[in-house]
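Reading through the structure tokens given below for one structure.
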Amino acid sequence: MGESLGLSAEEVLMTTRSVRKRLDLERPVSRETIRDCIEMAHQAPTGSNAQGWSWMIVDDPDKKKVIADHYRDIYWPYRDQKTKLGGDAQSTRISDSANHLAENLDQVPAMVIPLHAGRLEGADTFRQASAWGSILPAVWSFMMALRSKGLGSAWTTLHLPREKEVADLLGIDYDNWTQAGLFPVAYTVGTEFKHAKRRPVDEFVHWNEW
């Protein structure tokens, strides 16, 4: 499985962050390293043990540029709309980080697009929950596997309004596969990450009634 940082399971769980500004755009990431992380992700639970997932890895510069342009076409109008709402210092910091990712997305060593078998348009709550519950645990495991090896990513979905165009670019059978997001993959600049600031968990927990 290659080198790892030697972090405990608790450290990985508590310090896997969305990484944008600290993605190292200069250091190559081997295909074997990405494959190792996906292999770890495949230990995640999946509905009926069907493993109805696939992973599209994009490291071709021209294709990364096209995907990044699609992403930016959606991102900047979205960002302008969010800016009109104002925000505190933390929101501004997150926006600056997101801007940096949008501006440099085509420079990341690789993009990973997880896919779930089937389309979900018009699906009821049961089918939606079953489908996402069969791919998202593996996606989160992939992000934690990256973290364990000194790499990082950010969970992005802004390319999905152009899902069909990206599918055509990459030869994905759009009628039979749903893209679950877009994950830029790179080593991180430094490997120390703090715990995120979160509100107390008791504000969110309910026992037996709301």
| Taking into account only those residues within the stretch 1-15 that are of a type outside the set (Asp, Glu) and in a loop (DSSP other than H, G, I, E, B), which is surrounded by the most Cβ atoms within 10 Å (Cβ to Cβ)? | LEU7
| In the stretch 43-64, the residues that are more than 18 Å from the chain's Cα centre (by Cα), in a loop (DSSP other than H, G, I, E, B) and within 15 Å of VAL112 (Cα to Cα) | ASP60
| Going through the stretch 98-139 one residue at a time, which ones are closer than 23 Å to LEU170 by Cβ and assigned to a helix (DSSP H, G or I)? | LEU101, ALA102, GLU103, ASN104, LEU105, ASP106, GLN107, ALA131, TRP132, LEU136, ALA138, VAL139
| task | Report, by residue number, each residue of the stretch 48-78 that is hydrophobic (A, V, I, L, M, F, W, C) and either surrounded by 14 or more Cβ atoms within 10 Å (Cβ to Cβ) or under 18 Å from ASN104 (Cα atoms) (or both). | result | TRP53, TRP55, MET56, ILE57, VAL58, VAL66, ILE67, ALA68, ILE74, TRP76
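Quick grid of which residues meet (1) over 25 Å from TYR78 (Cβ atoms); (2) not charged (D, E, K, R):
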{"position": "SER148", "(1), (2)": "yes, yes"}
{"position": "LEU151", "(1), (2)": "yes, yes"}
{"position": "VAL166", "(1), (2)": "no, yes"}
{"position": "ILE172", "(1), (2)": "no, yes"}
{"position": "ASP175", "(1), (2)": "yes, no"}
{"position": "GLY181", "(1), (2)": "no, yes"}
{"position": "THR188", "(1), (2)": "yes, yes"}
{"position": "HIS195", "(1), (2)": "yes, yes"}
{"position": "VAL201", "(1), (2)": "yes, yes"}
| query | If you check ALA131, ALA154, which single one turns out to be more than 28 Å from THR15 (Cβ to Cβ), surrounded by 13 or more Cβ atoms within 10 Å (Cβ to Cβ) and of a type outside the set (Val, Ile, Thr)? | reply | ALA131
| request: Check the stretch 16-35 and report whether any residue there is among the hydrophobic types (A, V, I, L, M, F, W, C), in a helix (DSSP H, G or I), surrounded by 14 or more Cβ atoms within 10 Å (Cβ to Cβ) and touching a helix residue (DSSP H, G or I) at 6+ places or on another chain (Cβ under 8 Å). | output: no
| field | Number of positions in the stretch 140-186 that are part of a helix (DSSP H, G or I), over 16 Å from the mean Cα position of the chain (by Cα) and acidic (Asp, Glu) | value | 2
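Let's see how each residue does on (1) modelled with pLDDT of 95 or more; (2) not hydrophobic (A, V, I, L, M, F, W, C):
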| position | (1), (2) |
| --- | --- |
| GLY2 | no, yes |
| LYS21 | yes, yes |
| GLU32 | yes, yes |
| ALA41 | yes, no |
| ILE57 | yes, no |
| LYS63 | yes, yes |
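The values are calculated or read from the model by the stated rules, or taken from the named source; none is laboratory data. Predicted model only: the values in this text are computed from it and were never measured. Heads up, the Cβs are rebuilt from the backbone with ideal geometry, glycines too, and the neighbour counts pull from every protein chain shown.
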